[in-house]
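Down below is the structure, laid out as structure tokens.
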Amino acid sequence: MSPTAATEAALLLEARPTRPAPGPATDLRERSVRALRRAAPALFAYAAVRTFVLLVFGVWAHKEGHGIWPALATDWDSKWYLGIADHGYERALGTKYDANNLAFFPLYPCLVKALAVVTPGSRATVGLILAAVCSFFAAWGIFAVGDRLYGRRVGVLLTFLWACYPVGIVQWMGYTESLFTAFVAWSLYAVLTGRWIWAGTLAALSGLTRPTGVALAAAVGLCGLPALRRHFLWRVLAGALLAPLGWLGYVGWVGLRLGRWDGYFAVQRLWRNELDGGLETLRTFRSLLAYDSTPELFLVMVTVTLLASVVLYALSLGDRQPLPLLIFTGVLLAIVLGSGGVYFSRARFLVPAFPLLLPLALVLARASRRVLVLGVTGAALGAAYCGGYMLLVWPSAP
């Protein structure tokens, strides 16, 4: 090559636009896009089930002359959260049963209040949209856990089964279940993948969302101990220490607000929600199953859900699920079954316990096509009927 040609080639190379080296933000974006594409079938299945349930509920509500909007956005616990967003928390304990809003944790109403400032529509609208959006993040996290442990097929089925949970309609209501489940799913995934700071941070946020955030804090903290014994890493220690801070922070704040160290537990006693070792649960089981000749269908559904959850936890132990999942679901079950509070809401309290559905997802993944179709169809129809019955026939809170 002549010197002139070499010079021209060098100039052309210099003039050619160079592609910048990918940075951390670019890598994160590309990984997120790939993960979202992999989760797309699960998210589609989730959206299909929830849309079907909502359509059935809408038709049923129209025939009954019942308003759809109040049932989803402003009734029962939704009203409490909106009241907190509007007026804040009580400053005194009081003596009236079932009346102190300090029993409700602050993150969800604070998010509703903050988002309502910068978005159009009422706070009820914001709360409902927030819950629906969080439900998709929860579904994505549930898929990620199932996919990592058993593969994509099981991940999709696990997400589908969570969508078909008997009281799963609360996932698209002005409630905290979707937000809490999103924190749970991604925190457990972070533990499984060794991202301890993320695990602890998400666990702390869950502790600001629901009282059962203590179950996730236990899972992250207790699983960090064996890792620290094998090899000390500051990230593991930091994650374990972060995990309970949200729950402890709110409980401590309530104590300071009421001027007594047991302030939060005093509020729970006003709601008749105390741990009694499961005595009230057993009494209710016996009353419904042995003595009540015509038990309320919704209470039967709650009872069947609780008993099935115990069986599924035993199967999860037999399958030797990872320790973080077993600790979380075990502690959550102990709280729900061991509480002496209201009985009819306990199926809803188990909505975040998606690892309990892994044994069913594994069975469906190995089933024949005919069994799979029957199982999928039955689960979707059951979810639609149970959701409609809970909101339109059952006269009390979900």
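What about Ser287, is it assigned to a helix (DSSP H, G or I) and farther than 30 Å from Glu90 by Cα? So Ser287 fits the description; yes. When you look at Arg370, is it of a type in the set (Lys, Arg) and either outside any helix (DSSP H, G or I) or farther than 19 Å from Thr212 by Cα (or both), yes or no? Yes: the conditions hold for Arg370.
To keep it simple, each residue is scored yes or no on (1) farther than 23 Å from Pro355 by Cα; (2) out of contact with any helix residue (DSSP H, G or I) (no Cβ under 7 Å at 6 or more places or on another chain); (3) surrounded by 14 or more Cβ atoms within 10 Å (Cβ to Cβ); (4) modelled with pLDDT under 95.
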{"position": "Val56", "(1), (2), (3), (4)": "yes, no, yes, no"}
{"position": "Tyr108", "(1), (2), (3), (4)": "yes, no, yes, no"}
{"position": "Ala144", "(1), (2), (3), (4)": "no, no, yes, no"}
{"position": "Leu149", "(1), (2), (3), (4)": "no, yes, yes, no"}
{"position": "Gly155", "(1), (2), (3), (4)": "no, no, yes, no"}
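Against the conditions (1) assigned to a loop (DSSP other than H, G, I, E, B); (2) under 15 Å from Leu157 (Cα atoms), Pro352 satisfies every one except (2). For the stretch 110-139, the candidate set comprises residues that are surrounded by 24 or more Cβ atoms within 10 Å (Cβ to Cβ) and not β-branched (Val, Ile, Thr); within that set, the residue that is nearest to Asp86 (Cα to Cα) is Gly127.
State whether the residues of the stretch 362-383 include one that is of a type outside the set (Phe, Trp, Tyr), closer than 21 Å to Phe180 by Cα, surrounded by 14 or more Cβ atoms within 10 Å (Cβ to Cβ) and touching a residue at least 24 places away in the same chain (Cβ under 8 Å). Yes, the stretch 362-383 has at least one match.
In the stretch 194-217, which residues are basic (Lys, Arg) and either farther than 21 Å from Phe143 by Cα or surrounded by 21 or more Cβ atoms within 10 Å (Cβ to Cβ) (or both)? Steps first, answer last, please.
First, the residues of the stretch 194-217 that are basic (Lys, Arg): 195, 210.
Arg210, the sole residue that qualifies.
Select from the stretch 121-162 the residues that are more than 17 Å from the chain's Cα centre (by Cα) and closer than 22 Å to Leu111 by Cβ and list them in ascending order. Gly121, Ser122, Arg123, Ala124, Thr125, Val126 - these are the residues of the stretch 121-162 that are more than 17 Å from the chain's Cα centre (by Cα) and closer than 22 Å to Leu111 by Cβ. Any chance the stretch 67-88 includes a residue that's of a type outside the set (Phe, Trp, Tyr) and modelled with pLDDT under 90? Checked against the condition, which is being of a type outside the set (Phe, Trp, Tyr) and modelled with pLDDT under 90, the stretch 67-88 yields at least one hit. Of Val167, Val191, Val236, Val220, all but one fail to be modelled with pLDDT under 95 and surrounded by 20 or more Cβ atoms within 10 Å (Cβ to Cβ); the exception is Val236.
Based on what the data block shows, is Ala61 over 22 Å from the mean Cα position of the chain (by Cα), crowded, with 18+ Cβ neighbours inside 10 Å and touching a residue at least 40 places away in the same chain (Cβ under 8 Å)? Taking the combined requirement at face value, the residue satisfies it.
Considered as a group, the residues in the stretch 375-398 that are among the hydrophobic types (A, V, I, L, M, F, W, C) and not in a helix (DSSP H, G or I) include one that is nearest to Arg348 (Cα to Cα), and that residue is Ala397.
Filtering the stretch 321-342 to residues that are modelled with pLDDT of 95 or more and not in a helix (DSSP H, G or I) leaves Gln321, Pro322.
With respect to the conditions (1) over 21 Å from Leu216 (Cβ atoms); (2) touching a helix residue (DSSP H, G or I) at 6+ places or on another chain (Cβ under 6 Å); (3) surrounded by fewer than 18 Cβ atoms within 10 Å (Cβ to Cβ), Ser287 lacks only one, and its number is (2).
Take the conditions (1) under 23 Å from Tyr385 (Cβ atoms); (2) touching an Asp or Glu at 6+ places or on another chain (Cβ under 9 Å); Leu289 misses just one of them, which is (2). Can you say whether Thr119 is over 24 Å from Ser396 (Cβ atoms), among the hydroxyl-bearing types (Ser, Thr, Tyr) and modelled with pLDDT under 95, as far as the supplied structure shows? Yes; evaluated as a whole, the condition is true for this residue. Yes or no: Gly207 under 19 Å from Leu326 (Cβ atoms), of a type outside the set (Ser, Thr, Tyr) and either within 11 Å of the chain's Cα centre (by Cα) or at pLDDT 95 or above (or both)? Spelling it out, it is not the case that Gly207 is under 19 Å from Leu326 (Cβ atoms), of a type outside the set (Ser, Thr, Tyr) and either within 11 Å of the chain's Cα centre (by Cα) or at pLDDT 95 or above (or both).
Taking the stretch 245-276 as the search range and keeping residues that are basic (Lys, Arg) and assigned to a helix (DSSP H, G or I), which one is surrounded by the most Cβ atoms within 10 Å (Cβ to Cβ)?
Here is the first cut: in the stretch 245-276, the residues basic (Lys, Arg) are 257, 260, 269, 272.
Among the residues that remain, those that are also assigned to a helix (DSSP H, G or I) are: 257, 269.
Details: Arg257: 16, Arg269: 14.
That would be Arg257.
On the stretch given as the stretch 83-97, residues that are assigned to a helix (DSSP H, G or I), loosely packed, with under 10 Cβ neighbours inside 10 Å and either β-branched (Val, Ile, Thr) or touching an Asp or Glu at 6+ places or on another chain (Cβ under 8 Å) (or both) total 0. Within the stretch 63-96, the set of residues being more than 30 Å from Gly388 (Cβ to Cβ) and not charged (D, E, K, R) comprises His87, Gly88, Tyr89, Ala92, Leu93, Gly94, Thr95.
The values are calculated or read from the model by the stated rules, or taken from the named source; none is laboratory data. Owing to the predicted nature of the structure, the values given are computational and were not obtained by experimental measurement. With ideal geometry, Cβ positions are generated from the backbone for all residues, glycine too; neighbour counts draw on all protein chains shown.
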